[in-house]
1. Contact list please: Cβ distance under 9 Å, first residue in segment A:243-261 and within 8 Å of chain B (Cβ to nearest Cβ) and in contact (Cβ under 8 Å) with a residue 12 or more places away in the chain, second residue surrounded by fewer than 18 Cβ atoms within 10 Å (Cβ to Cβ) and assigned to a loop (DSSP other than H, G, I, E, B), pairs at least six apart or on different chains.
2. Would it be correct to say that residue A:193 is at pLDDT 95 or above and either farther than 22 Å from residue A:29 by Cα or in contact with a helix residue (DSSP H, G or I) (Cβ under 7 Å, 6 or more places away or on another chain) (or both)?
3. Just checking, does segment B:199-208 include any residue being under 17 Å from the mean Cα position of the chain (by Cα), within 11 Å of chain A (Cβ to nearest Cβ), modelled with pLDDT under 90 and closer than 23 Å to residue B:129 by Cα?
4. Please state which one of B:162, B:193, B:174 is within 17 Å of the chain's Cα centre (by Cα), within 13 Å of chain A (Cβ to nearest Cβ), within 28 Å of residue A:90 (Cβ to Cβ) and touching a residue at least 12 places away in the same chain (Cβ under 8 Å).
5. Could you please find all residues in segment A:216-236 being within 14 Å of chain B (Cβ to nearest Cβ) and either assigned to a loop (DSSP other than H, G, I, E, B) or closer than 26 Å to residue A:161 by Cα (or both)?
6. Grab the strands (runs of 3 or more DSSP E) fully contained in segment A:1-77, keeping just those with 1 or more residues being more than 17 Å from the chain's Cα centre (by Cα) and surrounded by 15 or more Cβ atoms within 10 Å (Cβ to Cβ).
7. Give the number of residues within segment B:145-163 that are over 12 Å from residue B:102 (Cβ atoms) and modelled with pLDDT of 90 or more.
8. Out of curiosity, is residue B:212 surrounded by 14 or more Cβ atoms within 10 Å (Cβ to Cβ), more than 14 Å from chain A (Cβ to nearest Cβ) and either farther than 21 Å from residue B:155 by Cβ or touching a residue at least 24 places away in the same chain (Cβ under 8 Å) (or both)?
């Protein structure tokens, strides 16, 4: 068997202590093959973003086992390992520094990681996400939502990562712009051989982007399915099925039958 | 539709003066509505929210219209005092995000009572408020009545806000993306509440949304807006048979669960969509 790109085993994450303790993620396990795109679906509070943040190294307080390309992740990560895992956040208005130009936003990670040829790389990164050189010296407020998200994707890719973590990358965008960004992400994954973990509440986006997915509820994985099983409606757990029905639009009969999970 | 329309809008225009010149945000929008669920759909910047706000006199832009009438009464050039008799009482508005629309330093109950201050007082108002919370299917109205906004989840907060808007039993409710911040199952439950209210209280509902699939299944009619104009008026359930390439493009864009494609079609914007409709 080939070495999985991402291994997660028995991952648990909790916040707070004593009676205020919240178990946000409970014993979650999954593996992602190199070049695969894996989806985490669920409603708010299900723990999907918490897993992503732990994988990205943004939350060191977790227990269990996590590894990227076979290298075990600890509380402290070597810089080379950090470079391999990059993240794109949900809100393109909050995730770019408002007082930094696109040029500075893109060159800062290069400087931190000691890359040479900064200028060439910044130009190439903009070109790769379909933004011309005219965007290089603009500030985020001079860009539309879709353009900002392209800058965020360029920033994630500029360090030549192997894994890109996508946290609701298109939920703040209009559907027409969402289509452009999702197509861009599909192309980049193929061209650069990237591995994606995509978090979304939108089953349509996950069915389109991912080959396998985990459906989460209150910190637990209730079901793991392939994209084929999802699109053919072959989900087993009652909660997953309810989520699928709810995604299809307004239907009074279906809503009356909703259970409390 | 009833013979007596709730709202008549004829050639509504909204303009903003900006340092770089005038922005014509809403151009010649006309529609008439009765006791029904009317959707205004479009992308961000299409003018759908400004249209909704203009009906309540809440847009900061310059509003002109040939006619803007609510039950035959013109809403153009009303004095603030006259607006106060309409806003929140006969026409109410639900905003997108309860986090920013509820007063964080006032309990839900006090906010509900404030909404009905001129109509009911004392124990009667309290009973009315608890009844409204129950009407939006809050299971423990007493607890929510005493709660602070930060103690409620997004879905609960949105329901409390709808209850607040309904305290005065308005004849027209304008809901601006009322469910976009909610999880899918909660979203449908909130919509079911609005649906009930339209049916049982004979209310008109303007539903402003970018989600065409939701509009198709939930609303009666839909106005499709682009660059400030209404490009197309449709029966909501017939949205999939839309003629205009913009509407068709919007319908094709979102990824679908049971119809997977290797690439998503991208909207090809035609400059002619910007030109005045009907000229």
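The values are calculated or read from the model by the stated rules, or taken from the named source; none is laboratory data. Computed from a predicted structure; not experimentally measured. Positions of Cβ are generated from backbone atoms using ideal geometry, with glycine treated the same way; all protein chains shown enter the neighbour counts.
1. Taking only residues 6 or more apart or on different chains, the pairs are A:244/A:233; A:246/A:258.
2. It is true that residue A:193 is at pLDDT 95 or above and either farther than 22 Å from residue A:29 by Cα or in contact with a helix residue (DSSP H, G or I) (Cβ under 7 Å, 6 or more places away or on another chain) (or both).
3. No, segment B:199-208 contains no residue that is under 17 Å from the mean Cα position of the chain (by Cα), within 11 Å of chain A (Cβ to nearest Cβ), modelled with pLDDT under 90 and closer than 23 Å to residue B:129 by Cα.
4. Selected residue: B:193, the only one of B:162, B:193, B:174 that is within 17 Å of the chain's Cα centre (by Cα), within 13 Å of chain A (Cβ to nearest Cβ), within 28 Å of residue A:90 (Cβ to Cβ) and touching a residue at least 12 places away in the same chain (Cβ under 8 Å).
5. Correct list: A:218, A:226, A:227, A:232, A:233, A:234, A:235.
6. Qualifying strands (runs of 3 or more DSSP E): A:6-15, A:22-32, A:63-68.
7. 2
8. It is false that residue B:212 is surrounded by 14 or more Cβ atoms within 10 Å (Cβ to Cβ), more than 14 Å from chain A (Cβ to nearest Cβ) and either farther than 21 Å from residue B:155 by Cβ or touching a residue at least 24 places away in the same chain (Cβ under 8 Å) (or both).
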